[in-house]
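Just below is one structure, and these are the notes that go with it.
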Amino acid sequence: MRQKENAQILKLPLDQLQFLQQCAGFESKVATLYHHYANIFADDESLSMLFKKTAVEEENHAQQFHLAIRLQGTGMEAVKIDVTKASANLKKLEEIVERLTGTTPFPEDALDMAIRLEEQVALLHMSNVVHFQDAGLKQLFEAMMAHDNGHVTMLKDYREVIRMGKSAMEFC
Ligand SMILES: [Fe+2]
Ligand SMILES: [Fe+2]
């Protein structure tokens, strides 16, 4: 009985699990947006590849949340942010992402949009959102995050390349 009680203490409450589910859904929506950008910029191979790579990374983030949900909070102490507030903010962002997925922006604007989006959600990843009880699990999630921290920098670098290209053209 005592063991059962302990096991229950380690599980996350339903609202926190639902929030992780919402995070997973959000990451998938962002991935869909980036796949959309990859498609509409198919003529520009490097830009298209950049969005495709970023989309795949967002899919990985979604998978990380799915993994946490499958574990039902085992090895985790709690979601360490205000779930009600974060959930409401995420819902607004979700609507923006859904709307953007139907649009055809210029490359520079798509990059700006992606950079702003990434900056807003940088803290909403699995390794930041959950307070872990199990150190090994914490390490695992941090390692999964660590290998793709570079994509915001890559988006910014590409935007710079476009800007520099434009100003170079103005001198011609
Ligand atoms: Fe992400
Ligand atoms: Fe991202």
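Details
- Among residues of the range 18-33 that are in a helix (DSSP H, G or I), none has a beta-carbon under 6 Å from a residue that is of a type in the set (K, R) and within 12 Å of ligand 2 (Cβ to nearest atom) at least six positions away or on a different chain.
- Residue among L117, L47 that alone is touching a residue at least 40 places away in the same chain (Cβ under 8 Å) and within 11 Å of ligand 1 (Cβ to nearest atom): L117
- Scanning the range 35-60 for residues that are touching a Leu at 6+ places or on another chain (Cβ under 9 Å) and assigned to a helix (DSSP H, G or I) turns up H36, Y37, A38, L47, L50, F51, T54, A55, E58.
- Enumerated helices (runs of 4 or more DSSP H) restricted to the range 86-172, each holding at least 3 residues that are loosely packed, with under 15 Cβ neighbours inside 10 Å: 107-121, 135-146, 151-170
- Only a single criterion out of (1) away from ligand 1 (no atom under 16 Å from the Cβ); (2) surrounded by 17 or more Cβ atoms within 10 Å (Cβ to Cβ); (3) polar (S, T, N, Q) is not satisfied by Q72, namely (2).
- L12 meets the conditions (1) in a helix (DSSP H, G or I); (2) more than 16 Å from ligand 2 (Cβ to nearest atom) in every case but one. The failed one is (1).
Residue by residue, here is whether (1) under 17 Å from the mean Cα position of the chain (by Cα); (2) within 12 Å of ligand 2 (Cβ to nearest atom) holds:
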{"residue": "T32", "(1), (2)": "yes, no"}
{"residue": "A42", "(1), (2)": "no, no"}
{"residue": "K52", "(1), (2)": "yes, no"}
{"residue": "E58", "(1), (2)": "yes, yes"}
{"residue": "M76", "(1), (2)": "no, no"}
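Values in this text are rule-based calculations from the coordinates and carry no lab data. Worth saying up front: this structure is predicted, and the values here are computed from it rather than measured. Heads up, the Cβs are rebuilt from the backbone with ideal geometry, glycines too, and the neighbour counts pull from every protein chain shown.
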